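A quick write-up on the structure given underneath.
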Amino acid sequence: MQVELLLLALAPVFLACVAGEMLYWRRRGRAEVYSWPDTLCNAGLALLHQGADKLAWLLVIPLYQYAYQHYRLWQPPGGWGGTLLLFLAQDFLYYWFHRASHRVRWLWAAHSVHHSSTRLNLSTAFRQSLLYPLAGMWAFWLPLAWLGFTPQQVVAVVLLNLAFQFFVHTQAVPRLGWLEYLFNTPSIHRSHHALNPRYIDHNYAGVLVLWDRLFGSYVVESADEPCRYGTVKPVNSVNPLWVNVVEWRDMLRETLAARGWRARLTLLFGAPEAAERVATQQAADKLTAAAKNPGCQAS
């Protein structure tokens, strides 16, 4: 099996878990945790993402191969030592990719797809962007080739990390005690998906929550403040194509309409909330200018 097909090979396991979770909530009188329009949208997003992902690997794997052949800095140890190093390095890079995806609007335009549902269940893990290759997700794994890991090893560890994360997208599992000092868990990831001010932009872990604890982005899920899911700017659509492009459309439309290079750079690469402030201010400035010069508006 080609390593790029790993997630597709695991699809029967994922689908069986989704079916089991749907039954679990139905038997407990909480069928609303799932909705068919939302779940089908998630499935459509997964198929689009997988198609784009396979095309992207065709371009990116040769780039990793070139970096590995010409620019690798050393030869990692074989056996378990090398495997552990690869796992730690990729999980560390994933943390920074994930954190940047919440703090840089260009990356958020892709990653916001994953957060756009107002529900959280195992099918939410399928909710991935078609445009991650355009956003530049692949660039975050390039240092692994410089560290001396082969393209096949890089692709495998990236996909295994994502496969693990499928299982943390659930409300059915409570807090897990001492495990949460080391690993990402459903409780930790619920907090990550929440839009409550207390939780927003925290818990970027892939597999290890160690990085959140080290870099000050860890927050505990509180029973006093239940998680509310979705994005601050609601998407309100179950059309997979529209969910993929709506934030890109808004970002590019606002950037093209902006005045001044500083405003444009903020709208493209600033934090999402900074970009929102700039867009609001630019729109207010245009209304003010139109009010002062009604003749120009008429012409």
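The values are calculated or read from the model by the stated rules, or taken from the named source; none is laboratory data. Predicted model only: the values in this text are computed from it and were never measured. In this analysis, Cβ positions are derived from the backbone assuming ideal geometry, glycine residues included, and neighbour counts consider all displayed protein chains.
Structure notes:
- Here Gly51 meets each of (1) modelled with pLDDT under 95; (2) within 25 Å of Pro143 (Cβ to Cβ); (3) among the small types (Gly, Ala, Ser) with one exception, condition (2).
- Long-range neighbours under 9 Å by Cβ, at least six apart or interchain, first residue in the same structural domain as Leu208 (by TED's automatic domain parsing) within region 173-191, second among the hydroxyl-bearing types (Ser, Thr, Tyr) and part of a helix (DSSP H, G or I): Val173/Ser187; Pro174/Ser187; Arg175/Ser187; Leu176/Ser187; Glu180/Ser187
- In region 123-135, the residues that are assigned by TED's automatic domain parsing to the domain that holds Phe97 and of a type in the set (A, V, I, L, M) reach residues that are crowded, with 21+ Cβ neighbours inside 10 Å and part of a helix (DSSP H, G or I) with C-beta atoms within less than 7 angstrom, at least six apart or across chains, in these pairs: Leu130/His49; Leu130/Asn244; Leu131/Ala110; Leu131/Asn244; Ala135/Leu107; Ala135/Ala109; Ala135/Ala110.
- Subset of region 203-244 [closer than 20 Å to Ser123 by Cα and not in a loop (DSSP other than H, G, I, E, B)]: Tyr229, Pro240, Leu241, Trp242, Val243, Asn244
- Qualifying residue in region 221-236 (condition: outside the structural domain of Ser112 (by TED's automatic domain parsing), surrounded by 14 or more Cβ atoms within 10 Å (Cβ to Cβ) and among the aliphatic types (A, V, I, L, M)): yes
Conditions tested, residue by residue: (1) among the aromatic types (Phe, Trp, Tyr); (2) in the same structural domain as Thr118 (by TED's automatic domain parsing); (3) more than 26 Å from Asn239 (Cβ to Cβ).
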site: Trp25; (1), (2), (3): yes, yes, no
site: Ala31; (1), (2), (3): no, yes, no
site: Ala43; (1), (2), (3): no, yes, no
site: His49; (1), (2), (3): no, yes, no
site: Asp53; (1), (2), (3): no, yes, no
site: Gln65; (1), (2), (3): no, yes, yes
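- Residues in region 165-202 that are outside any loop (DSSP other than H, G, I, E, B) and β-branched (Val, Ile, Thr): 1 in all.
- Verdict on Trp96 being closer than 16 Å to Val246 by Cβ and among the hydrophobic types (A, V, I, L, M, F, W, C): no
- Checklist (1) out of contact with any Ser or Thr (no Cβ under 6 Å at 6 or more places or on another chain); (2) surrounded by 14 or more Cβ atoms within 10 Å (Cβ to Cβ) applied to Arg30, failing item: (2)
- Positions within region 139-152 being under 18 Å from Leu58 (Cβ atoms) and surrounded by fewer than 21 Cβ atoms within 10 Å (Cβ to Cβ), in sequence order: Ala139, Leu142, Thr150, Gln152
- Tallying residues that are under 18 Å from Ala46 (Cα atoms) and assigned to a loop (DSSP other than H, G, I, E, B) within region 14-34 yields 1.
- When Arg253 is tested against (1) part of a helix (DSSP H, G or I); (2) surrounded by 14 or more Cβ atoms within 10 Å (Cβ to Cβ), just one condition goes unmet, and that condition is (2).
- Selection from region 1-16 of residues that are modelled with pLDDT of 95 or more and either under 23 Å from Ser112 (Cβ atoms) or surrounded by 19 or more Cβ atoms within 10 Å (Cβ to Cβ) (or both): Phe14
- Of all residues in region 104-129 being in a loop (DSSP other than H, G, I, E, B) and of a type in the set (S, T, N, Q), the one that is farthest from Leu47 (Cα to Cα): Thr118
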